[in-house]
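Scroll down for the structure; my scribbles are underneath it.
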Amino acid sequence: GEADLYPRLGPTMEWDIGAGHAVLKAAGGVIENMDGSRFCYGKADFRNPFFIARSPSVPVKYQD
């Protein structure tokens with residue numbers, strides 16, 4: 001299969017996605033929070049908010 005956008009709507013921790021994020025970034029992809037803000041590491045509880053992993057060529061319309 002092939003995908004250009006992956007919404008993650010379940011609980012994850014920082015260590016669950018770090019390697020995949022590195023591969024995605026090396027391929028030119030991005031991970032963003034559901035509101036379009038930058039995804040960050042080093043959170044106090046290490047829990048990730050829901051996020052979107054995507055190709056920058058895929059337009060996303062974020063809602064307020």
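Assorted remarks:
- Positive contributions from Lys and Arg (+1) and negative ones from Asp and Glu (-1), summed over other residues with Cβ under 11 Å from the Cβ of I31, come out at +3.
- In the chain, the ratio of gyration radius to Kirkwood radius, Rg to Rh, stands at 0.94 when only Cα atoms are counted.
- For the chain, the mean residue ellipticity at 222 nm estimated from helices alone is -6500 deg cm²/dmol, where every DSSP H run of n ≥ 4 contributes -39500 (n - 2.57) and the total is divided by all residues, rounded to the nearest 500.
- Annotation: extensible slack from L5 through S37 equals 9.9 nm (criterion: 0.36 nm per residue apart, minus Cα-Cα distance).
- Alpha carbon centroid spacing (whole Å) that separates region 6-33 from region 47-64: 11
Read-outs: derived from the displayed coordinates by stated rules, not from any lab. Note that the structure is a prediction, hence the values are computed from the model and not measured. Heads up, the Cβs are rebuilt from the backbone with ideal geometry, glycines too, and the neighbour counts pull from every protein chain shown.
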